[in-house]
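Data block below; observations after.
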Amino acid sequence: MPHFITLTLVEWIDMFNRKKYKDIIIDNLIFCVKNKCLVIHAYVIMPNHIHMIVSSSNNTSLSKLIGDFKRYTARILYKTLVFDKTESRRNWLLWVIETEGRKSSSNKNIKVWRHENHPVALDNSFITQQRITYIHQNPVKAGICYTAEDYVYSSARVYAGEAGVMDVEVLG
């Protein structure tokens with residue numbers, strides 16, 4: 001069964017306003033689809049959070065899949081930030097991530113993602129369509145673009161019959 005989830009960066013830091021960090025997310029989502037039985041039905045990467053509709057193609061726990069994704073991307077995002085001397089907000093972002101890591105009981109050094117994902121089971125087509133629309137309209141409402149299909153880091157283009165930066169399993 002598909003679930004709507006939201007993955008939020010700690011302290012709502014706006015790390016995903018940079019292409020390189022959004023590309024890390026896309027690359028790792030594609031890896032999880034190909035290698036970990038994650039099925040992505042819809043998504044949008046906003047500056048400080050990600051909305052997705054996801055499911056598992058086998059009996060793998062969705063919670064485990066998302067946990068693995070968050071652990072791995074946290075390490076890669078942090079490592080990229082450490083070595084990115086061109087990032088103007090580097091010191092501040094590192095300070096937030098390292099401070100949140102020290103405060104966390106589950107992490108020792110860094111914390112990139114907030115713990116909660118707020119999963120919502122999508123058990124009927126009305127709610128599913130409502131969430132897909134919400135996901136795709138998110139960058140429009142935030143003033144990032146004029147139409148949902150204009151935003152590259154979203155599945156809106158795929159739902160409109162165009163090519164996207166990654167394939168999704170369209171819900172119908």
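Read-outs: derived from the displayed coordinates by stated rules, not from any lab. If you're wondering where the values come from, they're calculated on a predicted model, not measured in any experiment. Quick reminder, even Gly has a Cβ in these numbers, built from the backbone with ideal geometry, and neighbours come from all protein chains shown.
Quick notes on this structure:
- With θ taken as phi - 60° and the Karplus curve 6.51 cos²θ - 1.76 cosθ + 1.60 applied, the whole-hertz 3J(HN,Hα) list for the range 103-113 is 7, 7, 7, 9, 10, 9, 10, 9, 8, 9, 9 Hz, x standing for glycine and proline.
- Gyration tensor (alpha-carbon) shape descriptor, the range 91-139, a/c threshold 1.5: oblate
- For the chain, a Kirkwood radius taken over Cα pairs fed into Stokes-Einstein (37 °C, viscosity 0.692 mPa s) yields D = 198 µm²/s.
- Exposure proxy shown here: for 153, 78, 43, the number of other Cβ atoms within 10 Å sets the order, fewest to most, as 78, 153, 43.
- Distribution of pairwise C-alpha distances over the range 65-113, 10 Å bins, in %: 27, 53, 19, 1
- Applied to the range 127-137, the Karplus parametrisation 6.51 cos²θ - 1.76 cosθ + 1.60 on θ = phi - 60° returns per-residue 3J(HN,Hα) values of 5, 4, 5, 4, 5, 4, 4, 4, 4, 6, 8 Hz, with x for Gly and Pro.
- Overall, the ratio between the Cα radius of gyration of the range 1-54 and 2.2 N^0.38 Å, rounded to two decimals, is 1.14.
- Secondary-structure-derived ellipticity at 222 nm for the chain, considering helices only, amounts to -14000 deg cm²/dmol, per-run term -39500 (n - 2.57) for DSSP H runs with n ≥ 4.
- Residue-wise HN-Hα couplings along the range 7-18, as the Karplus relation 6.51 cos²θ - 1.76 cosθ + 1.60 with θ = phi - 60° gives them from phi, are 10, 10, 6, 4, 6, 6, 5, 9, 6, 8, 8, 10 Hz; Gly and Pro carry x.
- Signed unit charges on C-beta, dipole axis of the chain, positive-most listed residue 49, 144, 165: 49
- Largest first, the extents of the alpha carbon coordinates of the range 107-172 on the three principal axes equal 44, 30, 23 Å.
- Percent RCO, i.e. relative contact order, over the chain, from Cα pairs under 8 Å lying at least 6 residues apart: 29
- Taking 0.36 nm per residue of sequence separation and removing the Cα-Cα distance, the residue 59/residue 36 pair yields an extension gain of 7.2 nm.
- Mean Cβ count within 10 Å, highest first, over the residues of peptides 119-125, 155-161: 155-161, 119-125
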